[in-house]
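Bear in mind that the values in this text are calculations on the coordinates, not laboratory data. Source: prediction; values computed, not measured. Cβ atoms come from the backbone with ideal geometry, glycine included; neighbour counts cover every protein chain shown.
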Amino acid sequence: MRYLRKRLEDVRVVEYSPEQDGKVFFGAWVEIENESGEIKKFRVVGYDEIYGRNDYISIDSPMARALLKKKVGDEAVVQTPGGEMLWWINEIFYKK
């Protein structure tokens, strides 16, 4: 309860904005693909929204940071413990 009370002080609703269309920002659903054809689909959210979800990634993660402000067709280089990974953005959408 203490954790939740403390978090409520910082909670902020991020409204969808038409300027976000076509680019990756907070709340976006993104589909990406790498050179070997592996496809991933996830939503960029706050770290405390991820619990129990494997289709959400934190806005603070290396993947999300590499994708921010990118458009469909752009490539993103993601730093991983195993080295750099190259991903292409196939789709971006926001559920309204």
Inset, instruction - Provide, in order from the shortest bin, the percent of all Cα-Cα pairs of segment 20-93 in each 5 Å bin, continuing until the bin that contains the maximum pair distance. - result: 3, 18, 29, 28, 16, 6, 0
Inset, instruction - Pull out the extension gain between residue 40 and residue 2, defined as 0.36 nm times the separation in residues minus the alpha carbon to alpha carbon distance; nm, one decimal. - result: 10.2 nm
Inset, instruction - Pick out, from 52, 80, 37, the residue whose Cα sits farthest towards the positive end of the charge dipole of segment 20-93, with +1 on the Cβ of Lys and Arg and -1 on the Cβ of Asp and Glu. - result: 52
